[in-house]
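A.B. asks: Sharing a structure, written as structure tokens. Questions coming.
Just so it is clear, none of the values below were taken in a lab; they were calculated from the coordinates. For clarity, every value in this text was computed on a predicted model and none was experimentally measured. Heads up, the Cβs are rebuilt from the backbone with ideal geometry, glycines too, and the neighbour counts pull from every protein chain shown.
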Amino acid sequence: MGRLEDLATFTRVIEARSLSGAARRLGSTKSAVSKQVNRLEAQLGTRLLHRTTRSVSPTDEGSRVYERAQRMLEESQALEAEVAGGQALPQGTLRLSTSTAFGNQQLTALMTQFCARYPQLRVVLGLNDRYVDLAEEGFDVVLRLTASPSPGLVARRLAPILYRLCATPAYLAQHGKPTTLEALAQHRCLTFGYLQTPAQWRFRHSTLGHEETVDVQSALRFVSGLTTNSSEALRVAALAGMGLAVLPTYAAGADLRAGRLVPLLQDWQPVGRPAEADTLYAVYLPSRYPSPKVRALIDFLLEVLGDTPPWDRPDAAP
């Protein structure tokens, strides 16, 4: 079998589906990656890749080598951790992605603490309001706000995501404060969805448990993204007094505590649309032995988020 570093490079090529993508993940060059793959093919005496101008795909032999190489690399990582007494320190580059609003409102501050704890680790943080393909784009971990993580990935639950119906004091002074779900139909509401999507909000009673769906008047509608919506844009519109909004507390918690936004109908918890992204997950590609840097990030987030994440704690700063 070829040298371990050549096998590692080959697996990155398969996962990135291109030589240039693998080079970016490895911090190398396309020519260096190609040279390693050619050397591995020469050592094994077989062709491992189908190459086109845009992408690569494994041959039948390449697929078998990839499966074996994954197991070998995992065993190598496990052996290194065992020899180090299970104390292998995270190092290198951790490529992490999450939504723009969550990244700006919460994660960047948390990464300051994480980087201080692991100064030998370099973090590259990508903020994207779209679906991120871990293998294609070279991310080690994606933090997703969703009700159901994508199949085929390892998903670790980190924290619940809560939502509040709210508006500014100025809007309520002009239009009145709704006291029932039915009254929402008389208010200007800020919504997500395509033009053909009905403007509806769903709520669950906090003590009785039953759910109600109400039609609302869409004063401003944001077109839905592929998998996420911009709660940051919705928050800005709400703070401008444009209407009622259902906002996640990680984005609006400070505004609610400071009185810039007023919580409404607090016996009713928003659920489903537009509050369907109700859990924060860390997702990553399957592996029997996650790398030390991935384990370090997940352990850190579980520690700092706890049972109640910082943005939902009563003592959180306004």
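A.B. asks: For the chain, take N as its residue count and report Rg(C-alpha) divided by 2.2 N^0.38 Å.
C.D. replies: Rg over 2.2 N^0.38 Å, computed on Cα atoms: 1.21.
A.B. asks: Just for the chain, what percent of DSSP beta bridges are antiparallel, to the closest 5?
C.D. replies: Details: 30 of 45 bridges.
If I count the DSSP bridges inside the chain, around 65 percent turn out antiparallel.
A.B. asks: Would you mind ranking GLU15, GLU303, GLU67 by Cβ crowding within 10 Å, fewest neighbours first? Walk me through the intermediate numbers first.
C.D. replies: Numbers: GLU15 18, GLU303 9, GLU67 13.
Neighbour counts put them in this order, fewest first: GLU303, GLU67, GLU15.
A.B. asks: Please list, in chain and number order, the residues 5+ apart from THR308 or on another chain whose amide H is under 5 Å from its amide H, with Hs placed from the backbone.
C.D. replies: none
A.B. asks: Which order results if ILE298, ILE14 are arranged by neighbouring Cβ count within 10 Å, fewest first? Please report the intermediate quantities before stating the final value.
C.D. replies: Details: ILE298 18, ILE14 22.
Final ranking by Cβ density, sparse to dense: ILE298, ILE14.
A.B. asks: Within 10 Å of each candidate Cβ there may be at most 11 other Cβ atoms; applying that plus a DSSP loop requirement, which trypsin sites (Lys or Arg not before Pro) in region 231-272 survive?
C.D. replies: On the way: sites: ARG235, ARG257, ARG260; in loops: ARG260.
When the trypsin sites (Lys or Arg not before Pro) of region 231-272 are filtered for loop state and at most 11 Cβ neighbours within 10 Å, nothing remains.
A.B. asks: Under the rule of -39500 (n - 2.57) per DSSP H run of 4 or more residues, summed and divided by the residues of the chain, what mean residue ellipticity at 222 nm is obtained, to the nearest 500 deg cm²/dmol? Can you show the working numbers first?
C.D. replies: On the way: 10 runs with 114 residues, N = 318.
Roughly -11000 deg cm²/dmol at 222 nm, from the helical runs in the chain.
A.B. asks: To the nearest µm²/s, what D does Stokes-Einstein give for region 79-187 at 25 °C and 0.890 mPa s, using the Kirkwood radius over alpha carbon pairs as Rh?
C.D. replies: 138
A.B. asks: Enumerate the aspartates and glutamates that LYS35 could reach by cross-link, defined here as Cα to Cα under 14 Å, with residues fewer than 8 away along the same chain left out.
C.D. replies: GLU5, ASP6
A.B. asks: Any idea what the alpha-carbon Rg over 2.2 N^0.38 Å comes to for region 4-83?
C.D. replies: Working: Rg = 12.5 Å, N = 80, 2.2 N^0.38 = 11.6 Å.
In units of the globular-protein estimate, region 4-83 measures up at 1.07.
A.B. asks: Could you run the Karplus curve 6.51 cos²θ - 1.76 cosθ + 1.60 with θ = phi - 60° over region 233-242 and give me ³J(HN,Hα) per residue in whole Hz, x for Gly and Pro?
C.D. replies: Residue by residue, region 233-242 yields 5, 5, 4, 4, 5, 5, 5, 7, x, 7 Hz.
A.B. asks: Which of HIS187, HIS175 has the fewest other C-beta atoms within 10 Å, and how do the rest follow up to the most?
C.D. replies: On the way: HIS187 19, HIS175 15.
Exposure proxy ranking, most exposed first: HIS175, HIS187.
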